[in-house]
């Protein structure tokens, strides 16, 4: 069996975490980055560093403008040469990118709904439309096909198990090559 040089080993450049509102992208991303000693970026936090509170920005400039800027921020983070962990806003969908480990956090709808009920004031799509339950479910269903392009879907809700699974898959790429 021929041994490969370290430089020949294909490594994921980034761990990119996708999912719907309240899926746990930021929380999981921080934990994964901490355990792997990697930089962590959250597109929402990066947006707010440059602009303002997301809800205020959307009220003033509209959802379309927010999504355009959010996408630019994501593309900028993804193009950085460093290995890192990125938590995406819920509107950013995976591309089926083989160079990055794309993780789709997909707790069941009931879990998302329960978390949303506790978190309405921080969610621009919910705060202005308190009766928007059906609209949010339709949005989730609309995005689902895009989310499924991720290389890994995790339905688990236990944070420790999710973090362990992501790290195991990330580290397995080194063992198998």
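If R₀ is 30 angstrom, what is the calculated FRET efficiency for the pair residue 64 and residue 157, using the beta carbon separation as r and rounding to 0.05? Walk me through the intermediate numbers first.
On the way: r = 32 Å, r/R0 = 1.07.
About 0.40, to the nearest 0.05.
Gain on full extension, evaluated as 0.36 nm per residue between residue 79 and residue 144 minus their Cα-Cα distance, stands at 20.9 nm. Label segment 31-93 by shape, choosing from rounded, prolate and oblate, from the square roots a ≥ b ≥ c of the eigenvalues of the Cα gyration tensor; if a/c is under 1.5 it is rounded, and otherwise prolate applies when a/b is larger than b/c, oblate when it is not. Prolate is the answer for segment 31-93, as a/c is 1.5 or above and a/b outweighs b/c.
Per residue, what volume in Å³ does the Cα convex hull of segment 14-160 take up?
Numbers: hull volume 15.9 nm³, N = 147.
Cα convex hull per residue, to the nearest whole number: 108 Å³.
Extending 7 Å from Cα along the Cβ direction at residue 72 and again at residue 98 yields two label points whose distance is 3.2 nm.
Could you work out how much longer the chain between residue 108 and residue 137 gets when fully extended? Use 0.36 nm per residue separation minus the Cα distance between them, nm to one decimal. Walk me through the intermediate numbers first.
Working: separation 29, 0.36 × 29 = 10.44 nm, distance 1.17 nm.
Net length gain for the segment: 9.3 nm.
Every number in this text was worked out from the coordinates using simple rules, so none of it is lab data. None of these values were measured; they are calculated from a predicted model. Using ideal geometry, Cβ is built from the backbone for each residue, glycine included, and neighbour counts are taken over all protein chains shown.
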